[in-house]
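Taking it in order: structure first as structure tokens, then the write-up.
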Amino acid sequence: MTDFELESEVAKRRTFAIISHPDAGKTTITEKVILYGKLIKKAGTVKGKKSGVYATSDWMEMEKERGISVTTSVMQFPYADCLVNLLDTPGHADFSEDTYRTLTAVDSCLMVIDAAKGVEERTVKLMEVTRLRDTPIITFINKMDRDIRDPIDLLDEVERVLNIACAPITWPVGSGKEFKGVYHLLRDETILYQSGQGHTIQPIRVIKGLNNPELKIRLGYYADELREQITLLKGASHSFDLSEFLAGRLTPVFFGTALGNFGVDHMLDGLTAWAPPPQPRKTNKRLVSPIESAFSGFVFKIQANMDPKHRDRIAFMRVCSGRFAKGMKLHHVRLNKDVLVPQVLSFMAGERDHLEEAYPGDIIGLHNHGTIQIGDTFTCGEQFHFVGIPNFAPELFQRIRLRDPLKQKQLLKGLMQLAEEGAVQLFRPEQNNDLIVGAVGVLQFDMVVHRLMVEYGVDAIYEPVKIVTARWVYSENPRAMQQFIQKNNSALALDGNGNLTYLAPTQASLQLMIERFPDIHFAKTREQR
Ligand code: GDP
């Protein structure tokens, strides 16, 4: 493959995730995005179909896939001249580590906001995470077919609460039952909405120009209101600036209704035109450019038993540089060992396929038989690892034990695997045989007991334990480390990867330790070092 071919593959890729509060419409948008992606692929071009209404069978295919789209984590589809990778983030309300790490594997994010509710709590949290890497953000304000808040207020709130400038690209005309469509500020055209067409790609009905008399005929009173609002908006709001967007300081804003399938295509046009292709990534040694010919990638997620037929564990790897080809030998950096990767999975709009090749920005799935951990880097031989894929110190702890003591082995195996996936963290105290489960969100505990039962056949229960937080401990000073260990052995444990951890019984005791042992690092997050 020539440099030019690799460069053009990289330039085509857009890898993004959706961040939103539950119920804002992430799943619905994902469906519409796939609808566009798939149909464009099938029909060559959207406008190719005369009626603009697609056969029911297409929709039923989509419905069938809904089951898959809920459980699938990665979708790839063509749109415009791009290949788009959409990474799903877990839907439940808990802030989860999985979501955080998925956000380290994308180049941009789509933020979905419910137009009736505005900026909600989980969106705030997720935005904080994207700010750590200044990820470019596109905003979609959803549910315009409902009674909503004033769009100007919504933009104000985004700017104030999330501290990012808003540049409206489209502007709504009416809302709720009176939602008429949007005016596209860059294209200077009004795109009309028709309700009840949510399951199809709608024939596009456009009125060019704000002073076009047709606007008044079609929209009546709303035409005057729109003209006024746009004049106001042009004076008062930010205009779109590509470099500000790429720096994560400004977000282009689109309005629409995912349920009515209106506006999602405008957003996708913006995403493919402006969102960055795969970017260079930091490692512990140097910056790795996507157009380097040598392959590299990192694992950001491990998921068990995705397909009940296979009952396997899949490691999700983001390709960072070069080209991956089937049958390639990869260098497993942490183990400093070359491994042959016989089968690699790709994820094409919900179907798991065996993959022939992949490029930077793509996500590929490796079968994991226990040798791969979250954060692992694979290269063509060079010894470096990607940084910025952390574990978080849990803040909730319980001791887990069996109802049936004969199944200790299965319990340990199950917990080790769930810990390796990043579903939960496991701590094994130095001084006894307890198994301590640590979580960031409380839902993780229920999920663990449920999965232990279903997947490993063990019936486990929790007992309270007096631990409030954990810190990974290390030091450049071996003597200080030795002293610390001697004094605190009863509070020390090994985590699932064998790293020494201090389990603090109270916040005060943690504070005391930090003061008493200045040569010891008490880390709140852990990355592979
Ligand atoms: P998620 O939790 O963010 O994935 O949200 P969903 O996509 O499951 O949507 C939550 C609910 O809002 C569902 O009942 C959807 O049908 C509904 N919904 C999503 N988009 C719209 C929209 O544009 N308008 C209206 N009225 N309802 C919507």
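We did not get these values from a lab; they are worked out from the coordinates using the rules stated. For clarity, every value in this text was computed on a predicted model and none was experimentally measured. Reconstructed Cβ throughout: ideal geometry from the backbone, glycine too, with neighbour counts over all protein chains shown.
Points worth noting:
- Value of [θ]222 nm, deg cm²/dmol, for the chain, DSSP H segments ≥ 4, -39500 (n - 2.57) each, nearest 500: -9500 deg cm²/dmol
- Cross-linked pairs K143/K282; K32/K125; K337/K524; K12/K524: Cα-Cα separations exceed 32 Å for K143/K282; K12/K524.
- Gain upon complete extension [K466, R146; 0.36 nm per residue less C-alpha separation]: 110.4 nm
- Ranked by the mean number of other Cβ atoms within 10 Å of their residues, highest first, the peptides 119-128, 208-217 fall in the order 119-128, 208-217.
- Cα centroids of the range 444-502 and the range 161-229: 55 Å apart.
- Only Cα pairs under 8 Å and 6+ residues apart enter the sum, and on that basis the relative contact order of the chain stands at 14 percent.
- In this structure, A294 and M416 have a Cβ-Cβ separation that, at R0 = 41 Å, corresponds to a calculated FRET efficiency of about 0.80.
- Shape call, the range 393-527: gyration tensor on alpha carbons, a/c limit 1.5: prolate
- D188 paired with N284, simple spin-label distance in nm, labels 7 Å along Cα-to-beta-carbon: 5.7
- Within the straight-line cut-off of under 16 Å between alpha carbons, the aspartates and glutamates reachable from K285 are D376, E382, E527, sequence neighbours fewer than 8 places apart in one chain being disregarded.
- Amide proton proximity set for I19, modelled H, under 5 Å, gap of 5+: L110, M111, V112
- Listed peptides 74-84, 255-265, 227-237 by packing density, highest first (mean Cβ within 10 Å): 255-265, 74-84, 227-237
- Backbone phi angles across the range 510-515, fed through the Karplus curve with coefficients 6.51, -1.76 and 1.60 (θ = phi - 60°), yield HN-Hα couplings of 4, 4, 4, 4, 4, 6 Hz in residue order; Gly and Pro are listed as x.
- Taking the average, over residues, of other Cβ atoms within 10 Å as the packing measure, peptides 175-186, 275-286 rank 175-186, 275-286 from highest down.
- Computed over the Cα atoms of the range 193-280, pair by distinct pair, the Kirkwood hydrodynamic radius stands at 15.6 angstrom.
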